[in-house]
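The values are calculated or read from the model by the stated rules, or taken from the named source; none is laboratory data. Keep in mind the model is a prediction, meaning the values are calculated, not measured. Cβ sites come from the backbone with ideal geometry, for glycine too, and all protein chains shown count toward neighbours. Each accessible area value is taken on the protein alone, full model and side chains, heavy atoms only, with ligands, DNA and RNA left out. Shrake-Rupley method; radii C 1.70, N 1.55, O 1.52, S 1.80 Å.
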Amino acid sequence: MVSKMTKIKICLITGTRPELIKVSVLLKLMKKDPQIQLTFIHSGQHYDELMFGSFLRDLNLPNPDYNIEVGSLPNSVQTGKMLISLNDIIYRIVPDLILAQGDTNTVLAAALTSFKNNIPFGHIEAGIRSFDMRMPEEINRVLTGSCALLNFAPTQLSVNNLIDNGILPNRIFLVGNPIVDAVHENIEIANKKSKIDQNLEIESGKKFVLLTMHRPSNVDNRENLKNIIETLLQNKEILYIFPAHPRTVKNIKKFNLYEEIQTSKNIRMIEPVNYFDMLKLMNLSSFILTDSGGLQEEAVILKKPCITLRENTERPESIEVGANILVGTDMQKLKSVSTNLWTNKVFYKSMIPHENPFGDGNSSKKMIQIIKDAHQKGKLQIPFIEFKNTIPHCKLIDTSSLDEDLITVSDFEKEKSCIILEIFDYEGNSIFPSPNLEITKKMKLKARFI
Ligand code: UD1
Ligand code: UDP
């Protein structure tokens, strides 16, 4: 048992815009908690005023105690430099716990620094999986999960993913996603304070789509980026408001698409906006077109339909509640779903979610309570030997070997008492297991049996 008077020394590490937003409520609660001694560390992965400074101010966050100022570097160099600097800081502080949120290089560096120094690590938004190992974020998520003593999972599905990865149940805590906390705390202020609609001269009631994209698969590849932009330019009747990520702007210029966008009548590319402006834009928009992780969640929370420019998502809950459609690189699908949402009121209504699967807005409070309980019981310690003696029950099923008639994903799951995690077509391409998808004879199903 630990004395109640001992303060818990916690280091909270952030690196990018979405991390600042998602930990904002937790950070402020910990800062004023008399039982917690907080050190706030920023890696500097995002550093521009519009990607960092404005978020500290709007979200009312203190300046970081340490800013590593790593800057933009190749992935491995960036991660390596963060490891070295974080190690030095951690060595000085010797915290009881290191916390980080999400799946960026910063989070991986934080998790590895903790692990290599035998300091417990708490992973916020643990267990979400796209099952797409081409994504740098997916590798970061899996590796980070292996290092964590406390896995704060946002949904039941993410709990299941962690169990499948062999993480012991006593290390997993279902707390919801802290993005709900951030939206609840800021939405009213944003609606009152933000003048973005006036600044952009958007007349009251004017319909528009909010567009963001920054995934390397969309914006680092000339053909993919060109296809998306040209499809949007062809959808002339739709007005897109496009706060563009610096990575995207850089590539738009590099691929000679800048002029075309700037002279177009229906794409308004603007600089990244602050969080209040973003919340207001989301609220006023007709629907959201994005490849962002956070925006897929915020769309559901704010009851906006979302089209996602990806082939898979680590937020399938947004699809399950009917609010999100993946279009991947299928530009015909992008065109038809967008037009449908823009013109067909019945279809539009069918995509407004009636529930929010991402939590009740209290995840920050829940995490603090769990940390305090663990500290009080002397459990904020890396156990020497701890292993799981049950093997996650996951199987790959070749559908050509099935005798039964072909059915949909959801019927198959009910009949076989399993959850289909991923489907591969005959060429090995990954397909998202939507409930109504028909299973054909040429598929492989990765299923977890209950
Ligand atoms: C990173 C994360 C991604 C997350 C995203 C949130 C990784 C591997 N990627 O992607 O998971 O979804 O942040 O936005 O960790 N740049 C600036 N100013 C800045 C920051 C970046 O101009 O303040 C430019 C630089 O040219 C840089 C590029 O953006 O090379 C990409 O930045 P980087 O942090 O490497 O990746 P993101 O695409 O932002
Ligand atoms: N966001 C913002 N201004 C912008 C673009 C995004 O405030 O111009 C917010 C958005 O509301 C969400 C988060 O930043 O909360 C998402 O960041 P991003 O898309 O860069 O990262 P991801 O969520 O994909 O990791």
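Below, the figures for the structure above:
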| read-out | value |
| --- | --- |
| Net charge over other residues, Cβ less than 12 angstrom from the Cβ of Asn340 (K, R count +1; D, E count -1) | +4 |
| Range in the chain, longest, excluding exposed GluC sites (Glu not before Pro) [loop by DSSP; at most 16 other beta-carbon atoms within 10 Å] | 70-200 |
| Of Leu83, Leu112, Leu97, farthest towards positive along the dipole that unit charges on Lys, Arg, Asp, Glu beta carbons give region 1-121 | Leu97 |
| Label-point separation in nm, His354 to Lys207, each point 7 Å along Cα→Cβ | 2.4 |
| Spatially proximal lysines relative to Lys193 (Cα-Cα < 27 Å; intrachain offsets below 8 disregarded) | Lys22, Lys28, Lys31, Lys32, Lys206, Lys207, Lys280, Lys303, Lys304, Lys365 |
| 1.4 Å probe accessible area per residue over the chain, in Å² | 46 |
| Cα-centre dipole for region 223-356 with unit charges at Cβ (Lys and Arg positive, Asp and Glu negative), debye to 20 | 400 |
| Cα→Cβ-extended label distance, 7 Å offset, between Ser434 and Ser400, nm | 2.6 |
| For Pro357, net neighbour charge (Lys/Arg +1, Asp/Glu -1) across residues whose Cβ lies under 10 Å away | -3 |
| Cβ-Cβ FRET estimate between Lys444 and Asn170, R0 fixed at 35 Å, reported to 0.05 | 0.60 |
| Heavy-atom accessible surface of the chain: percent carbon and sulfur, 1.4 Å | 52 |
| Antiparallel content of DSSP bridges confined to the chain, in %, to 5 | 25 |
| Partners for Lys226 among aspartates and glutamates (Cα-Cα distance below 12 Å; same-chain residues under 8 apart left out) | Glu260 |
| Charge sum, other residues only, whose C-beta stays under 12 Å from Pro435's C-beta, Lys/Arg counted +1 and Asp/Glu -1 | -3 |
| Dipole magnitude of the chain, debye to nearest 20 (Cβ charges: Lys/Arg +1, Asp/Glu -1, about Cα centre) | 1000 |
| Base-10 log of normalised Debye intensity for the chain (one unit scatterer per alpha-carbon) at q = 0.12 Å⁻¹ | -1.08 |
